[in-house]
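S.K.: Please find one structure pasted underneath; my questions will follow.
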Amino acid sequence: MFEIFCLIVALFGSCIAGAYDLKTTEIPDWIPYLMILVGIILNSFESLVQWNFSIILNSIIIGLGFLGFGFLMYYTGQWGGGDAKLLSAIGFLLPNLPTNLSKSVLPFPVSFLFNLFLVGAAYMIFYAFVLALIKRKILLRFFEDVKASYKIFTLGSLLLFFSFVLISFILSLYLKVRFELIGSIKYSLLTIAFTSLIFLLWKFAKTVEKFGFRQRIPVSKLKVGDVLENSKLWEGLTQKEVEKIKRSGKKYVVIKEGVRFAPAFPLALIFTLYFGDMLLILLNLI
């Protein structure tokens, strides 16, 4: 029973955090702190009811482990502090999924982390495309960039194609097997298609980062929570820092924004509940 309550709190809490992140780019500290408190209380009660203190011990271990991993992501500039605390809160609440609801083969903390990054990657691509539709200049810049590199891209694709066909021919001679020209062409084209997709996604991501997540604004419009371009950590400015910059005499500053990642947490939780381990699903497809 306590596990179900923990799951409900984790889902609702992460949804509320995601909504705040989308609206304000910040996750209020009270959300993950309240989730952590509820997680400790509920898991403590379950430990007492079952007289099994490994339950609360696992909650603390997974919660602190997630906190450490989250702040590793924070200090390497990948996440904001709110994301790290939200991950920790889910760890305190759900050291394990309820056995009657779990479809995971892997332990829940491992499964959830993999799902978070894989679901998060899909979410970030979707987020970037939506941002590009809202800010049309991103798409214009992207098409201009692709057009500018069209000749190099075409030449590279042709070289890659003939290289794969040649390598296939040399391998067939070395292994003394029949050379299948049609099969070689097919796999060469598939490789080029995959490489082209990765190249275009990379180009698109760089364009979004440059023209969607960077903004030059007058210092007079700088506000609490804005992140300066040269900041190594995703930490918004405080009121004192904003006032200091305004007194410095600067007229303009460049601020940056990243993908508002908090909505990926409830999405990863839901995916884990309904589908289990995305890592194993992908391995089975391969």
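S.K.: Would you compute, for the Cα atoms of the stretch 170-225, the largest minus smallest coordinate along each principal axis and list the three values in descending order, in whole Å?
M.R.: 73, 18, 14
S.K.: Calculate, for residue 273 and residue 149, the FRET efficiency according to 1/(1 + (r/R0)^6) with r their C-beta to C-beta distance and R0 41 Å; round to the nearest 0.05. Display every interim value, and only then the final one.
M.R.: Working: r = 43 Å, r/R0 = 1.04.
Between residue 273 and residue 149 the formula returns 0.45.
S.K.: Could you work out how far the C-alpha centroid of the stretch 136-183 sits from that of the stretch 1-76, in angstrom?
M.R.: Measuring centre to centre over Cα atoms gives 48 Å.
S.K.: Here is a follow-up. I'm checking a number: the convex hull volume of the Cα atoms of the stretch 136-211, normalised per residue, in Å³. What is it?
M.R.: On the way: hull volume 6.4 nm³, N = 76.
With only Cα atoms used, the stretch 136-211 gives 84 Å³ per residue.
S.K.: Per DSSP H run of n ≥ 4, the term is -39500 (n - 2.57); total these for the chain, divide by its residue number, and report the mean residue ellipticity at 222 nm rounded to 500 deg cm²/dmol. Could you put the intermediate results ahead of the total?
M.R.: Values: 11 runs with 205 residues, N = 286.
Counting only the DSSP helices, I get -24500 deg cm²/dmol.
S.K.: Under 5 Å between amide hydrogens, which residues at least 5 positions from residue 213 or on another chain qualify, with H placed 1.01 Å from N in the peptide plane?
M.R.: none
S.K.: Output ³J(HN,Hα) for the stretch 41-54: one whole-Hz value per residue in order, computed from phi by the Karplus curve 6.51 cos²θ - 1.76 cosθ + 1.60 with θ = phi - 60°, and x for Gly and Pro.
M.R.: 5, 5, 6, 5, 4, 5, 4, 5, 4, 8, 6, 9, 7, 5
S.K.: Let me spell out the model: positive unit charges on the Cβ of Lys and Arg, negative unit charges on the Cβ of Asp and Glu, origin at the Cα centre of the stretch 133-286. What dipole size does that give, in debye rounded to 20? Don't jump to the answer; show the numbers that get you there.
M.R.: Values: 25 positive and 11 negative charges, 192 e Å.
Value, rounded to 20: 920 debye.
S.K.: Something else now. From the alpha carbon gyration tensor of the stretch 214-256, can you work out the equivalent ellipsoid semi-axes (sqrt of 5 times each eigenvalue) and give them in Å, largest to smallest? Display every interim value, and only then the final one.
M.R.: On the way: eigenvalues 43, 30, 13 Å².
Largest first, the stretch 214-256 gives 15, 12, 8 Å.
S.K.: A further question on this structure: Using the Cα centre of the chain as the reference point, and only Cβ charges (+1 on K/R, -1 on D/E), how large is the resulting charge dipole? Debye, rounded to the nearest 20.
M.R.: Values: 28 positive and 17 negative charges, 329 e Å.
Here the size comes out at about 1580 debye.
S.K.: Over all directions, the average projected area of the alpha-carbon convex hull for the stretch 143-286 comes to how many nm²?
M.R.: Details: hull surface 58.9 nm².
Averaging across all directions leaves 14.7 nm² for the Cα convex hull.
S.K.: Which value, in Å³ per residue, describes the convex hull spanned by the Cα atoms of the chain? It would help to have the intermediate numbers written out before the result.
M.R.: On the way: hull volume 51.6 nm³, N = 286.
Here the figure is 180 Å³ per residue.
S.K.: At residue 105 and residue 180, where each label point lies 7 Å from the Cα along Cα→Cβ, what is the point-to-point distance in nanometres?
M.R.: Between residue 105 and residue 180, the simple spin-label model gives 2.8 nm.
S.K.: Sticking with this structure for a sec: How would 196, 188 line up from fewest to most surrounding beta-carbon atoms within 10 angstrom? Don't jump to the answer; show the numbers that get you there.
M.R.: Details: 196 14, 188 19.
Result, fewest neighbours first: 196, 188.
S.K.: Now for a separate question. What's the magnitude of the charge dipole for the stretch 136-211 around its Cα centre, counting Lys and Arg as +1 and Asp and Glu as -1 at the beta-carbon? Answer in Debye, nearest 20. Let's see the in-between values first.
M.R.: On the way: 11 positive and 4 negative charges, 46 e Å.
So the magnitude is around 220 debye.
S.K.: Further question: If amide H atoms are built 1.01 Å from N in the plane of the peptide, which residues on other chains or at least 5 residues away come under 5 Å of the amide H of residue 97?
M.R.: HN-HN under 5 Å from residue 97: 108.
Taken together, the values in this text are just the output of simple stated rules run on the coordinates, not laboratory data. Just so it is clear, the model here is predicted, and its values are computed rather than measured. Positions of Cβ are backbone-derived with ideal geometry, glycine not excepted, and every protein chain shown enters the neighbour counts.
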